[in-house]
Structure formats: structure tokens, C-alpha cells
Amino acid sequence: MTPAIANTMHGTHAHRPNLKVLLSREQIARRVAELGAQITQDFQGQSLILVGVLKGACIFLSELARQIELDSTFDFISISSYGNRSEHSGEVRLAKDIDQSIEGKNVILVEDILDTGLTLNYLKELLLTHQPAALKVAALLNKPARHIQPVHADYIGFEIPNEFVVGYGMDYAEHYRNLPDVCILPPEMYQSG
Ligand code: IMP
């Protein structure tokens, strides 16, 4: 079962007093190991292509990959969406396609966070046109309160409240990706006026 996280768990980030730690690096590492073990078991004896969604998923992908005990290759895809974080326009554009053929292969699409669900549904539809043998989705975080369309991931790290989070690959205006913990960015740090 996916752990559901309340936003009151930890203190503030040591070097960033404005940021409250929602998920510590230890908590994340334990959960990523569980997801890796689950994937290893589900695809026993088979090979995988891990397709990471740039840039937010790159740290999750690199840590998850090291917990999967199967022959695996990596690929990356990149999209741009229009509108700001609170007003997703619904328009998603492919900025970088995958490099290798996934036809007849087992693919795991690796995402940082499911927010409105638009990006994931767009990418799933796109990858399915390449006819993979299997297409599964691993997402580190899920924000169910923000979904605006039904969205499904097979491997989810944590269900989180409706907060804007940064760290462990996730950014605000390209910053904070290198924080080892997942932290809550207070609204006054991204809302103007
Ligand atoms: P969706 O299409 O609305 O589900 O958006 C998914 C993408 O928006 C994620 O892959 C992230 O890149 C970004 N995103 C959504 N919520 C957050 C957040 O809380 N922090 C950082 N990035 C986010």
C-alpha cells in the first residue's frame, strides 16, 4: 500500500530554514528500495527500459534503477507544458522523444510527481503508440487532490497533500533540485502579490 504522508512530519531543512521537510532522505531511500524490489519481482527474468521524464525524475530514476536487480537500460523524454503550476493549460508538447525503439519491450515510465495527471496521460498515450510489450508507470509522489483527470500509476512512492514540493529532482524555477529531502515550498515563496 502506498504510504500517505501528512505535512507535519519533520523539522525544517538544515540549510534552508524556510523549507519544511516532508519526506526525509532516509524515508525516501526505504520506499525506493521497496519499489525496486517490487519491480524486480514483477519482471523476474525479463529486461526493462526505464524512461525518465526530464528533468524532475532523474534523481528518482537513478536511485530506483540501482534497486532493480534486472537487466535495464535508460532512456529519457522531455515535455513542456504551458501555464504556471496552479493553472495547467492542458497543453503538453513533446520537447525530446525517446532515442531507442521500445516496440515489444518492457517499459517503465518514471515520473517525479503526478499533479493534474495531464502529463502522465499524454506520455502514456504517446508511448503506447510504439507498441511496447508492457508499459508501467513509477511515480515517486502522487497528489490526488490535484488530479483533473483519472490517472493511474503502478508504482507510487508516497501520496502527499496538496502542497508545492521541491527537492530530490523537483524544482521551483529550476532551483532546489539537488536537495536530498522532499521539502514543502511555502506559498509566499512562489506566489506574488
Ligand atoms: P501534471 O501534468 O500536472 O501532472 O504535472 C506533472 C509535472 O508538473 C511534474 O512532472 C512536475 O515536473 C511538475 N510538478 C507538479 N507538481 C509539482 C510540485 O509540487 N513540485 C515540483 N514540480 C511539480
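So for LYS20, LYS124, what's the accessible-area order with a 1.4 Å probe, most first?
Numbers: LYS20 75, LYS124 45 Å².
Descending accessible area places them as LYS20, LYS124.
What's the center-to-center distance, using Cα atoms, between the stretch 96-117 and the stretch 123-193 in Å?
Distance between centres, Cα-based: 14 Å.
Accessible area, 1.4 Å probe, largest first: how do GLU91, GLU63, GLU125 sort?
Details: GLU91 110, GLU63 65, GLU125 135 Å².
Listed by decreasing accessible area, they come as GLU125, GLU91, GLU63.
Where only protein heavy atoms count, and the probe is 1.4 Å, what is the accessible area per residue for the chain in Å²? Mind showing how you got there, number by number?
Details: 9600 Å² over 193 residues.
I get 50 Å² per residue for this part.
Equivalent ellipsoid semi-axes for the stretch 1-82, as square roots of 5 times the alpha carbon gyration tensor eigenvalues: give them largest first, rounded to whole Å. Present the calculation step by step, with values, prior to reporting the outcome.
Working: eigenvalues 152, 66, 23 Å².
In descending order the semi-axes read 28, 18, 11 Å.
Less than 28 Å apart at the alpha-carbon level, and either on another chain or at least 8 residues along: which lysines does that give for LYS20?
LYS55, LYS143
Rounded to the nearest 10 Å², what accessible area does ASP171 have for a 1.4 Å probe in the complete protein model?
About 40 Å², rounded to the nearest 10.
Evaluate 2.2 N^0.38 Å with N set to the residue count of the chain, then give the Cα radius of gyration divided by it.
1.00
Calculate what fraction, in whole %, of the accessible area of the stretch 58-193 sits on carbon and sulfur atoms when a 1.4 Å probe is rolled over the protein chains. Please report the intermediate quantities before stating the final value.
Numbers: 3110 of 6500 Å².
For the stretch 58-193, the apolar C and S fraction of the accessible surface comes to 48 percent.
The values are calculated or read from the model by the stated rules, or taken from the named source; none is laboratory data. These numbers come from a predicted model, not from an experiment. For the accessible areas, the whole protein counts, side chains as well, though only heavy atoms, and no ligand, DNA or RNA atoms are used. Shrake-Rupley method; radii C 1.70, N 1.55, O 1.52, S 1.80 Å.
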